[in-house]
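Since the structure comes first, as structure tokens, the remarks are kept for the end.
The values are calculated or read from the model by the stated rules, or taken from the named source; none is laboratory data. None of the values given here were measured: they were computed from a predicted structure. With ideal geometry, Cβ positions are generated from the backbone for all residues, glycine too; neighbour counts draw on all protein chains shown. Surface accessibility is based on the protein's heavy atoms, side chains included, excluding ligands, DNA and RNA. Shrake-Rupley method; radii C 1.70, N 1.55, O 1.52, S 1.80 Å.
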Amino acid sequence: MVSVANTESGRSRSDLEKKLDQGFIGLTFIFALSIAAILIVIILTVGQGAISALQEFGVGFLFQSAWNPVEDQYGIWPMIYGTMMSSAIALSIAVPLGLGTAVFLSEDFIPVNIRTVLVFLVELLAAIPSVVYGLWGIFVLIPILKPIGDFLHDNFGWFPLFSTPLAGPGMLPAGLVLSIMILPIITAIARDSLASLPPELRQASLGLGATRWITIFRVLLPAAFSGIVGGIMLALGRAMGETMAATMLIGNSNQMRLSILAPGNTIASLMANQFPEASGLQVSALMYAGLILMVLTLVVNIMAEWIVNQVKAKYD
């Protein structure tokens with residue numbers, strides 16, 4: 001018989017294995033530092049390009065509405081509103097739909113074969129190019145939304161969000177297409193978070209007499225909350241930074257309008273439209289706009305981390 005000392009579990013590790021482990025740890029550490037270095041270089045590059053606009057406009061750049069390259073008058077407030085409003089529309093649709101889909105696909109509601117096909121179809125949405133989403137929105141979605149927009153304006157026109165008719169491209173079509181584009185991110189990460197939970201959680205809850213739905217909403221979703229929020233934040237970053245589809249559907253209007261039925265603009269769309277022909281102070285203003293978009297994304301992620309910590313503290 002082979003003694004326990006000679007088995008794989010009892011064998012002492014050789015010097016080569018230890019060196020390989022140390023090399024792997026060092027390599028991953030270098031990769032982590034490289035990511036941080038790339039981020040710092042990007043911030044410094046954008047910040048350096050925005051210096052002229054920072055000196056010229058200061059903080060007032062955030063609250064001005066004029067964007068006139070001819071007279072070198074620039075303000076980013078309508079684009080900030082358009083970015084946040086279109087992203088809010090996208091999240092308000094994609095989060096409940098994606099989370100519900102993740103629960104449906106992670107539980108045993110349907111046979112495994114059908115579930116595999118549905119998972120593949122949902123993930124296939126992420127492979128569709130942005131320009132295809134834009135074309136679909138122009139030729140299919142906007143004609144469908146036109147009577148809905150007329151109904152909202154005719155009956156709820158007193159409300160600022162519906163104060164203008166839907167004439168064509170606008171924040172509502174852009175937000176709806178963005179919701180479809182970010183749906184696979186939310187669904188995939190939420191499903192993986194739910195599937196990675198220990199099966200003992202579900203078994204213990206059911207063993208104590210809880211129903212299936214109580215187990216899902218009171219046990220599984222809170223336990224996977226951090227992963228779900230992480231997926232939502234990734235989806236929000238995609239929505240805020242999306243360029244092609246938003247450019248094709250939002251209307252690219254630099255005027256400030258509260259209505260979601262009116263044309264608007266986002267920071268990413270503004271940069272995509274004007275960078276090829278920009279020069280002088282306009283380039284610096286666009287860099288300033290890009291810096292603001294990065295700051296907005298950072299603030300949103302900080303808020304998400306705070307929410308996750310608060311929920312963890314509640315359940316610890």
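If you check Gly49 against the conditions, is it in contact with a helix residue (DSSP H, G or I) (Cβ under 7 Å, 6 or more places away or on another chain), open to solvent by less than 50 Å² (accessible area, probe 1.4 Å) and at pLDDT 85 or above? When the stated conditions are applied, Gly49 passes them. Note on region 240-267: residues that are of a type in the set (A, V, I, L, M, F, W, C), assigned to a helix (DSSP H, G or I) and open to solvent by 10 Å² or more (accessible area, probe 1.4 Å) total 2. Considering Leu135, Leu121, the condition of being over 29 Å from Asp192 (Cβ atoms) and hydrophobic (A, V, I, L, M, F, W, C) is satisfied by Leu135 alone.
Scanning region 147-178 for residues that are open to solvent by 10 Å² or more (accessible area, probe 1.4 Å), touching a helix residue (DSSP H, G or I) at 6+ places or on another chain (Cβ under 6 Å) and part of a helix (DSSP H, G or I) yields Leu152, His153, Phe156, Phe162.
Out of contact with any Ser or Thr (no Cβ under 7 Å at 6 or more places or on another chain), within 30 Å of Asn252 (Cβ to Cβ) and either open to solvent by 70 Å² or more (accessible area, probe 1.4 Å) or modelled with pLDDT under 85 (or both): is that true of Val2 in this structure? No, not satisfied.
From the list Ile307, Ile292, the one residue that fits, being crowded, with 17+ Cβ neighbours inside 10 Å, touching a residue at least 40 places away in the same chain (Cβ under 8 Å) and among the aliphatic types (A, V, I, L, M), is Ile292. Residues in region 192-231 that are touching a Leu at 6+ places or on another chain (Cβ under 8 Å), open to solvent by 30 Å² or more (accessible area, probe 1.4 Å) and within 24 Å of Leu91 (Cα to Cα): Val219, Ala223.
Restricted to region 65-146, the set of helices (runs of 4 or more DSSP H) holding at least 2 residues that are under 26 Å from Leu161 (Cα atoms), open to solvent by 30 Å² or more (accessible area, probe 1.4 Å) and touching a Gly at 6+ places or on another chain (Cβ under 8 Å) comprises 77-106. Within region 268-287, the set of residues being open to solvent by 20 Å² or more (accessible area, probe 1.4 Å), touching a Gly at 6+ places or on another chain (Cβ under 8 Å) and more than 30 Å from Pro184 (Cα to Cα) comprises Val283, Met287. The set of residues in region 54-64 that are crowded, with 19+ Cβ neighbours inside 10 Å and farther than 17 Å from Leu296 by Cβ contains only Phe57.
For region 186-206, the criterion of being among the β-branched types (Val, Ile, Thr), within 30 Å of Phe139 (Cβ to Cβ), modelled with pLDDT of 85 or more and in a helix (DSSP H, G or I) is met by at least one residue.
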